[in-house]
1. Condition (residue is under 26 Å from Ala75 (Cα atoms) and in contact with a Pro (Cβ under 6 Å, 6 or more places away or on another chain)) applied to region 143-150: is it met by at least one residue?
2. I'm trying to understand the selection: among the residues of region 219-251, which are more than 17 Å from Ser198 (Cβ to Cβ), touching a Cys at 6+ places or on another chain (Cβ under 9 Å) and open to solvent by 10 Å² or more (accessible area, probe 1.4 Å)?
3. Being out of contact with any His (no Cβ under 9 Å at 6 or more places or on another chain) and under 22 Å from Ser286 (Cβ atoms): is that true of Ile40 here?
4. Would it be correct to say that Val285 is modelled with pLDDT under 95, part of a strand (DSSP E or B), open to solvent by 20 Å² or more (accessible area, probe 1.4 Å) and not acidic (Asp, Glu)?
5. Among the residues of region 129-160, which ones are open to solvent by 30 Å² or more (accessible area, probe 1.4 Å), in a helix (DSSP H, G or I) and modelled with pLDDT under 90?
6. Out of all the residues in region 228-276, which are touching a helix residue (DSSP H, G or I) at 6+ places or on another chain (Cβ under 7 Å), closer than 19 Å to Ile163 by Cβ and of a type outside the set (Ser, Thr, Tyr)?
7. If you check Glu83, Glu53, which single one turns out to be open to solvent by 80 Å² or more (accessible area, probe 1.4 Å), in contact (Cβ under 8 Å) with a residue 24 or more places away in the chain and among the acidic types (Asp, Glu)?
8. Does Glu69 count as modelled with pLDDT under 85, surrounded by fewer than 13 Cβ atoms within 10 Å (Cβ to Cβ) and assigned to a loop (DSSP other than H, G, I, E, B)?
Amino acid sequence: TDCVMDPLRPARVEELKHLIGIYKQFLPQSIQFVSLLQNILRTNLTLHATDKEQVSHRLQKTVYIPNNEKGNRLATFVAISREEDLFIFMNTLEVPSTELTHALENTTYIKWGIKPMFVIGDNSEIRAKLSQLTVEPKVQFESWSDCVNYWMPQTEAAKLSYIVPADVELKPLQVQHAKQLNEWWPYRYRTSQQYFESAIKYFGAFGLFDKTSGELVACVFQNDHDAVGHLYTVSERCNRGYGCTLAKAITKHIAVQYKQDVHTFIDGNNERSIRLFNKIGYKAVSRTEWLVTSKH
């Protein structure tokens, strides 16, 4: 029947702030949840209805919480972006994760047929529960990647100083640079250029431009987790300190602009990035897993 209550409902602004407050108690290990939820709260409060026509579906997220009035003490949430760029983030402090599992199996808010990308913390129980869900169409994971979350406290990040190498100029990126960022990005997908355009417009991004030719030779941006993302230098300009300059510039921007701790997630095999972020002063605190579902 239609009157069966969904186990989830959209969180109100006050409830989302409360959820962030719970996760803040577990910093720095909980940095990925604090930053993700802060990004969603701020984006939802600043995007207007007119923006939503043009904005990437990846930026249009709703946070759902258990559909009861118990105050969500277990900090259970499922955050879902829109259908053209479908990401599903989730976590709970409950062990075993009964409330979350029940919600996933019975909610009408998840479109299982569109092949979502799931993002979870280092939680083997949630991972196991996801692969055992009795939903239609059946969920199967074709791949997953595991990243380490690196964190820097706001006070430290806000004090960073950096030197811009003499042959380049540091400038904020413009929306038209999104095409180039997308072409450089190894994980690009059908709607990722629109994601870059929206992130540049609403979050923050920097580039290093050659002083002679004016061309973009390195870039970085603040992604939809309020994390440092897509740090890239063209191959012929490597080892000139560009990455270090940009990583510090965007870290400081996030810390100063939003008065919050900063993080980045790095593939455990990416030794070059790990060295760079360690050198700046980031510390490894937790893990994030990305699970790609396949259609069957």
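The values are calculated or read from the model by the stated rules, or taken from the named source; none is laboratory data. Just so it is clear, the model here is predicted, and its values are computed rather than measured. Please note: Cβ atoms are built from the backbone with ideal geometry, for glycine as well, and neighbour counts cover all protein chains shown. The protein model used for the area step is the full one, side chains on, heavy atoms only, and it has no ligands, DNA or RNA in it. Shrake-Rupley method; radii C 1.70, N 1.55, O 1.52, S 1.80 Å.
1. No: region 143-150 contains no residue that is under 26 Å from Ala75 (Cα atoms) and in contact with a Pro (Cβ under 6 Å, 6 or more places away or on another chain).
2. Correct list: Leu231, Tyr232, Thr233.
3. Considered against the rule, which asks whether it is out of contact with any His (no Cβ under 9 Å at 6 or more places or on another chain) and under 22 Å from Ser286 (Cβ atoms), Ile40 comes out as yes.
4. no
5. Lys129, Ser131
6. Correct list: Val228, Leu231, Gly243, Cys244, Ala247, Lys248, Lys252, Ala255, Val256, Leu276.
7. Glu83
8. So Glu69 fits the description; yes.
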